[in-house]
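Colleague: Take this structure first; my questions come after.
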Amino acid sequence: FLETTAYFCMKPKMGEKEVSPHSFFSIWHEFSSDFKDFWKKENKLILQERVKEAEEVCRQKKGKSLYNIRPKHDSGIVSKICSSA
């Protein structure tokens, strides 16, 4: 524990000889809960961006036709009857 507090440069409070676990972990708890909240928000934003990108790709693919429509040629019986009349 003392090595960890020294690593994070924790100083004892006024009137204390050493850093107490309570003071260290109260700060650590605040840090970890803030970090968790920011992590969730960041992941949510990243997910929204990916969904938008996927929707855009789908729109682009739907915009391109998978088949070609050719104009109808008048070569059937009905066209011959209509043109002779």
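Colleague: Where does each of 17, 44, 36 land when they are ordered by accessible area, with a 1.4 Å probe and the largest first?
Modeller: Numbers: 17 195, 44 130, 36 105 Å².
Putting 17, 44, 36 in descending order of accessible area: 17, 44, 36.
Colleague: Sort 51, 19 by accessible area with a 1.4 Å probe, largest first. Don't skip to the end; give the middle numbers.
Modeller: Details: 51 70, 19 15 Å².
Per-residue accessible area, sorted high to low, gives 51, 19.
The values are calculated or read from the model by the stated rules, or taken from the named source; none is laboratory data. This is a predicted model, so every value here is computed, not measured. Just the protein is used for accessible areas: all its heavy atoms, side chains included, with ligands, DNA and RNA removed. Shrake-Rupley method; radii C 1.70, N 1.55, O 1.52, S 1.80 Å.
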